Amino acid sequence: MTVPTNRFPDDFVWGCATSAYQIEGSPLADGAGMNVWHRFSHTRGRVVNDENGDIACDHYRRYESDIELMKQLGLQAYRFSIAWSRILPEGTGRVNPAGLGFYERLVDRLLEKGIQPTATLFHWDLPVALDDRGGWLNRDIAGWFADYAESVFRRFDDRIKLWATLNEPWVVSDNGYLHGTAAPGHRSLFEAPIATHNLMRAHGAAVQAYRATGRHQIGLVVNIEPKYPASTSSEDVAATRRAEAQMNRQFIEPAMLGRYPEELRDVFGEAWPDWPASDVEQIRQPIDFIGLNYYTRAVVRNDPGAWPLRAAPVRQSQVAHTEMGWEVFPQGLTDTLLWIKDRYGAPPIYVTENGAAFADPATAAGDVLDDPRRVEYFRTHIRAVHDAMRAGVDVRGYFAWSMLDNFEWALGYSKRFGIIHVDYATQKRTPKASATFYSGVIASNGAVL
Ligand SMILES: CO[C@H](O)c1c[n+]2c([nH]1)[C@H](O)[C@@H](O)[C@H](O)[C@H]2CO
């Protein structure tokens, strides 16, 4: 692959990403079943200001005008997630035609506008009906997920050519089962490894299901936050390895190499089971790409009191941070792309999420003052992708997070990642300066950087 010096390859794909619960609203419309984020956000005290996704960006009803905005931006592709509980309200069994119908209209409209639809099967919004049967703690969920996947593949594989099974299983296991900061809100050292394993078994089962009928590409989306030791002390180096294994290798390693990092036993102790070899073999289904979500890095120090990692981040001073408190560190994206290439056999990679939260207040006149730091974030990180590609990494595309300001999970609507501003009171969309910038990047295939 030869990468031009001043732009990207002609077949490089430029897109934006969102997820169902964060933008759609109408979570129970047209026969949809309840999902765990609906239940979690309606549980007092779980989400900032007790906000929820009942309306969000009202995309379920406004998808046509949103697609028009995507067209105006010049987007070549759009990464969205499919809400399992719209398709199968009880999680298994009965298919809800109206749920399929919404995504049919979305996909067909995208194609009409020349925008490539790329779908993630699971972006954290598990059907409550399955959570009540154990959810990710029940081994049967691998079969439930494969059945759901098959019902969607059958309907859309003629139009969707890029599939992802899971979005960031680490967030479900770590936030949802270890720390309890995300749905379903459990806090258990013993449950998290079981959730990890069943998430990855479900990934493997869905990939196997796809291989039976699928004609295109399927992969796994992982969040990787490169970890750098705060010092060369053996304690800090060991702590960094624990943090790196628990976040960055816990999921990609079984998927790509058919093994879990040995450091996980050091992190979870007796709570980390000896999984059957047959399970891990089933997880290791050949996939067509890795989806990388990159936002920031972490500098890590040993912290014996930090449960259960015994590792803690060290905030870097004198450097830029986003509204999330995440350091702006584009070099980490280059480093991570090279790390995936070197460690996992140079798989094709899509940067499936990259973006920044900054406060973007709408002025009284209704204008939106995009924080100039967001344009700088995209500029430096897209350059970082180009640097990795020139070093030989097979990156196929880049999806900015996010097309719209949206529901930022337990932080509610307090953080804005969109390149398009959403006034939640009026649902008015206003493209930000970063939308104009990104549109120029797409039109010039990166030459404006
Ligand atoms: C743990 O950070 C992850 O890389 C990450 C960041 N983000 C994500 N994953 C999720 O995929 C999105 O749903 C979030 O809205 C987005 C912004 O927070």
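Assorted remarks:
- Estimated FRET transfer efficiency when R0 is 30 angstrom, pair T232-A359 (beta carbons, to 0.05): 0.20
- GNM on the chain, alpha-carbon springs under 10 angstrom: the most fluctuating residue among P117, P226, P97 is P97.
- The chain: equivalent-ellipsoid semi-axes (sqrt of 5 x gyration tensor eigenvalues, Cα, Å): 29, 27, 23
- Over the Cα atoms of segment 263-414, the radius of gyration divided by the Kirkwood radius equals 1.03; this is the Rg/Rh ratio.
- Backbone N under 19 Å from the W307 label point (7 Å along Cα→Cβ), restricted to segment 150-189: 173-189
- The base-10 log of I(q)/I(0) for segment 348-433, evaluated at q = 0.13, 0.16, 0.21, 0.24 Å⁻¹, reads -0.48, -0.67, -0.96, -1.14 [Debye formula, identical scatterers on Cα atoms, solvent excluded].
- Descending semi-axes in whole angstrom, ellipsoid equivalent of segment 15-77, from the Cα gyration tensor: 26, 13, 9
- The simple Förster model, with R0 at 56 Å and r as the Cβ-Cβ distance, assigns T43 and R383 a FRET efficiency of 0.85.
- Treating r as the C-beta distance of Q316 and S278 and R0 as 45 Å, the FRET efficiency rounds to 0.55.
- Looking at segment 1-51, the accessible area is 44 square angstrom per residue; that uses a 1.4 Å probe and ignores ligands, DNA and RNA.
- Using alpha carbons only: equivalent-ellipsoid semi-axes of segment 117-245, gyration tensor based, whole Å: 30, 19, 11
- Backbone geometry of segment 422-435 corresponds, through the Karplus equation with coefficients 6.51, -1.76 and 1.60 at θ = phi - 60°, to 3J(HN,Hα) couplings of 10, 8, 5, 6, 10, 6, 5, 9, 9, x, 8, 4, 5, 5 Hz, x marking Gly and Pro.
- Label point of R373 set 7 angstrom out along Cα-Cβ; within segment 288-323, amide nitrogens under 17 Å from it belong to 295-298, 315-323.
- Cα centroids of segment 374-449 and segment 294-341: 20 Å apart.
- Kirkwood hydrodynamic radius (C-alpha pairs) into Stokes-Einstein, segment 234-312, 37 °C and 0.692 mPa s, D in µm²/s: 238 µm²/s
- Taking N248, N138, N302 in turn, the Gaussian network model of the chain (Cα-Cα springs below 10 Å) assigns the largest fluctuation to N138.
- Compactness of segment 36-195, taken as the C-alpha radius of gyration over 2.2 N^0.38 Å, stands at 1.09.
- Per-peptide average of other Cβ atoms within 10 Å, ordering 72-83, 149-160 highest first: 72-83, 149-160
- Centroid-to-centroid separation of segment 53-89 and segment 19-42 [C-alpha atoms, Å]: 13 Å
- Accessible carbon and sulfur surface of the chain relative to its total accessible area, %, 1.4 Å: 51 percent
- When you count the other C-beta atoms within 10 angstrom of each residue and take the mean per peptide, 317-324, 403-410, 250-257 line up highest first as 403-410, 250-257, 317-324.
- Built amide H within the under 5 Å cut-off of N406, gap 5+: F417, G418
The values are calculated or read from the model by the stated rules, or taken from the named source; none is laboratory data. These numbers were taken from a predicted model, which means no experiment stands behind them. For neighbour counting, all protein chains shown are included, and Cβ atoms are generated from backbone atoms with ideal geometry for every residue, glycine included. Note: accessible area is taken over every heavy atom of the protein model, side chains too, but ligands, DNA and RNA are not part of it. Shrake-Rupley method; radii C 1.70, N 1.55, O 1.52, S 1.80 Å.
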